[in-house]
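First comes the structure, then the notes that go with it.
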């Protein structure tokens with residue numbers, strides 16, 4: 001069989017694509033995943049990173065709520081190194097209707113979500129940063145999940161099962177024979193090479209960009225781009241997820257994640273042309289800070305690290321201008337039965353939380369088409385890195401008395417941190433001091449995780465995600481990348497892209513320490529380093 | 001406490017003003033929070049209008065030898081930038097081709113000196129490059145801690161073992177006519193860069209590292225020493241908390257460490273720097289000057305503060321304290337009689353000074369002249 005032929009081609013390197021590739025590969029299919037940029041660059045990496053308990057949807061969307069809590073339990077098992085089991089609170093403030101609390105708890109129980117009304121005092125002790133004015137609190141099994149880690153681990157497992165991945169490669173057209181999709185034409189943005197790939201089934205898992213992908217294939221999927229803006233704060237202000245106990249609204253979820261916490265989101269309909277470059281506006285920043293401070297008052301004096309926005313791939317159903325009343329439900333379309341186009345399916349809707357279920361539904365459809373009869377195992381087989389429990393246990397197992405940096409590495413890579421070269425001064429030298437990323441960990445990521453740019457590296461190791469936002473670690477890491485790839489010119493351009501990417505998330509919140517840091521960076525890179 | 005002049009801010013422009021005033025017989029004090037922009041000084045001034053003898057004299061009396069030689073300097077990323085005046089140990093070249101063959105020397109385990117970028121940049125200019133790493137047991141102690149291999153720590157070691165480095169480079173050197181080394185020499189012992197040059201039979205070029213800048217810190221140490229030798233009072237690690245202003249005149253300031261005392265003076269100079277040094281502070285609604293509450297020239301609409309393209313000129317960098325033609329700072333629309341604003345707190349508002357360092361020095365001298373009635 002030809003090297004360009006596969007059983008299934010998956011377009012899209014977000015969590016849905018990566019999850020689908022893993023599932024297909026585990027069922028014995030020869031898979032190829034194609035992503036025009038890097039992993040988790042769309043909505044996957046641009047949300048709260050909330051491990052939903054489902055409670056948020058319990059009242060208005062019981063189906064989603066049930067999906068969430070089932071997947072919540074599964075992810076704690078199969079993705080232990082990506083999940084932080086923080087628990088969550090739904091708080092009622094004096095301005096909210098306390099009667100809603102009972103409606104909420106009843107709905108949670110119907111969806112099998114363990115929601116427990118607790119005394120506001122206990123809530124204040126559980127989460128000291130919470131607004132002390134609260135008049136009611138419900139404890140739910142929320143948590144946080146690192147979407148970059150989750151996506152990388154799924155893709156890695158697909159590769160361990162023989163899957164192939166082409167990043168920075170764009171699908172430029174479909175290979176059609178009559179009413180059948182036989183494969184795709186692609187262009188690699190880094191090498192400039194064009195290539196064709198063939199498979200009897202192609203899966204469109206492009207999130208909001210799936211709209212255009214479907215159009216290119218000649219079918220119509222009416223999507224609804226709903227932008228959500230979020231802010232990252234420079235400290236982990238809260239250790240427990242804080243939600244508002246009311247109908248879902250703007251900026252009412254505060255999620256702790258690694259060294260930071262994230263407030264969001266908004267919901268605004270935007271035109272498709274803006275999906276590639278969504279910017280956060282000053283008004284959105286003001287709204288997020290004001291509403292966020294109602295959940296945790298200290299947010300109003302906490303430094304904001306970055307502003308960013310994602311686009312939810314909702315499937316449009318009506319003319320609701322906010323997009324909030326559209327179901328987050330999973331949509332899996334068989335274009336053969338729907339549109340008479342063979343060999344092409346679209347998996348969309350859903351959310352980060354339910355990616356595994358989406359992947360299972362899509363893979364079931366692929367298998368039916370290929371007449372493959374093999375059961376899905378992704379709900380029981382742990383992801384690579386997650387086989388040995390929590391990162392603290394893993395770190396102790398590997399190193400006995402792990403250093404801070406080794407613990408940090410274990411929290412990022414789980415048991416695969418074992419593969420990091422460490423224990424000698426050259427590999428242990430720190431490249432990123434904010435996030436404690438060593439030379440060894442960076443080299444491990446470059447060697448095994450498809451890293452071609454600094455931004456790719458950031459998504460896999462958190463290099464440059466900390467307080468200094470990559471001030472110096474970007475240069476140091478660029479040196480290592482230049483060595484690994486043997487191309488200085490490309491690395492210099494890469495460094496410029498990294499700085500631009502960083503500024504994009506900084507200028508919407510450009511005041512206080514953020515502006516100080518920006519001035520310093522401008523000065524250092526332009527005048528001292530001469531970039 | 002009473003002085004002729006009090007300078008708020010101990011960076012380049014504050015120290016230049018202080019030295020000029022002390023030299024003219026004034027009694028002055030500098031109130032400094034500590035770190036300043038000299039800690040990331042490239043060691044060169046991009047342009048100054050002329051080879052100002054007065055500047056060179058002021059610096060050389062402090063032991064900071066400058067040379068004026070308009071041309072280009074080698075940046076840490078291997079590119080070349082125009083510069084006119086520089087510290088003596090930092091070379092300026094008439095054209096980028098400063099050698100035929102270059103030996104670039106780095107230390108094993110040091111990630112803040114970009115030897116591969118340098119080699120690539122020099123090769124683009126037609127120079128042949130060889131990169132070699134020295135493996136020095138003396139640096140091992142630094143390497144034990146994963147974040148100690150930084151410029152200043154290495155420079156402290158180099159002050160002791162530079163002769164050994166020279167020996168090792170002599171062994172490495174083949175037919176290269178130039179050697180490029182990181183700027184990690186001469187932090188405490190200022191003669192080291194010159195002596196390294198004497199010891200190596202090729203042209204020696206010191207290229208920058210990631211901050212902190214060793215030549216910048218050395219400049220800071222020397223200027224401060226000179227200022228203190230002239231009798232100036234350098235109040236280190238202190239900051240102004242209150243200022244007393246009546247009828248358009250600044251009478252005194254109070255600092256954090258000396259909160260029981262009024263520090264009085266006939267003249268005040270504000271040399272607190274830009275945003276990084278907190279001379280200017282931005283909140284979501286305005287940019288303000290925190291010490292005296294001076295008028296700041298800025299755009300009302302925050303959307304106009306930034307250019308979304310990082311590499312482009314950023315409008316916020318042009319915001320700064322408003323002054324009259326004599327650099328007297330404005331408060332509520334009127335100049336304060338005895339307060340002068342100098343350096344980066346003015347923002348990049350004076351393109352005629354060429355660069356931030358140029359603006360720092362020239363505005364400091366201009367303010368000193370006004371105070372002295374020159």
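Where does each of A:90, B:107 land when they are ranked from fewest to most other beta-carbon atoms within 10 angstrom?
B:107, A:90
With a 10 Å cut-off between alpha carbons and a GNM built on chain B, which of B:187, B:336, B:12 moves the most?
It is B:336.
As a check on your grasp of the helix formula, calculate [θ] at 222 nm for chain B: sum -39500 (n - 2.57) over DSSP H runs of n ≥ 4, divide by the residue count, round to the nearest 500. Display every interim value, and only then the final one.
Working: 8 runs with 98 residues, N = 374.
Helix-only estimate at 222 nm: -8000 deg cm²/dmol.
Among bridges DSSP assigns within segment B:1-110, what percent are antiparallel (round to 5)? Let's see the in-between values first.
Values: 10 of 14 bridges.
Once the DSSP bridges in segment B:1-110 are tallied, antiparallel ones form about 70 percent.
Calculate the spin-label point distance for residue B:304 paired with residue A:272, positioning each point 7 Å from the Cα along the beta-carbon direction, and give it in nanometres.
So the label points at residue A:272 and residue B:304 sit 3.7 nm apart.
Calculate for chain A the 222 nm mean residue ellipticity that helices alone would give, adding -39,500 (n - 2.57) per DSSP H run of length 4 or more and normalising by residue count, nearest 500 deg cm²/dmol.
Values: 18 runs with 192 residues, N = 531.
Using -39500 (n - 2.57) per qualifying helix, the result is -11000 deg cm²/dmol.
Out of all DSSP beta bridges with both ends in segment B:64-211, state the antiparallel percent to the nearest 5.
35 percent
Counting other C-beta atoms within 10 Å, which of B:30, B:104 has the fewest, and how do the rest follow?
Final ranking by Cβ density, sparse to dense: B:104, B:30.
Along the Cα→Cβ direction, 7 angstrom out, place labels at residue B:261 and residue A:95. What is the inter-label distance in nm?
Distance between label points: 5.0 nm.
Under 10 Å, Cα contacts only: if you run a Gaussian network model on chain B, which one of B:229, B:103, B:294 comes out with the highest mean-square fluctuation?
Evaluated over chain B, the most mobile residue of the options is B:229.
Classify segment A:370-455 as rounded, prolate or oblate from the Cα gyration tensor: take a ≥ b ≥ c as the square roots of its eigenvalues, call it rounded if a/c is under 1.5, otherwise prolate when a/b beats b/c and oblate if not.
oblate
With each label point set 7 Å from Cα along the Cα-Cβ vector, what nm distance links residue B:145 and residue B:27?
4.1 nm
For Cα pairs less than 8 Å apart in space and 6+ apart in sequence, what is the mean separation divided by the residue count of chain A, i.e. the relative contact order in percent? Don't skip to the answer; put the middle values down first.
Working: 1144 pairs, mean separation 90.2, N = 531.
Dividing the mean separation by the residue count of chain A yields 17 percent.
Please report the antiparallel percentage of DSSP beta bridges with both residues in the protein assembly as shown, rounded to the nearest 5.
Antiparallel: roughly 60 percent of the beta bridges in the protein assembly as shown.
For a footprinting-style exposure proxy, rank A:332, A:475 by other Cβ within 10 Å, fewest first.
Lowest to highest Cβ neighbour count: A:332, A:475.
Go ahead and set up a Gaussian network model of chain B, Cα springs under 10 Å, then flag whichever of B:264, B:140, B:337 fluctuates most.
The residue that fluctuates most here is B:140.
Quick note: the coordinates plus some simple rules give every number you see, no bench work behind them. These numbers were taken from a predicted model, which means no experiment stands behind them. Neighbour counts are summed over all protein chains in view; Cβ atoms, including those assigned to glycine, are modelled from backbone coordinates with ideal geometry.
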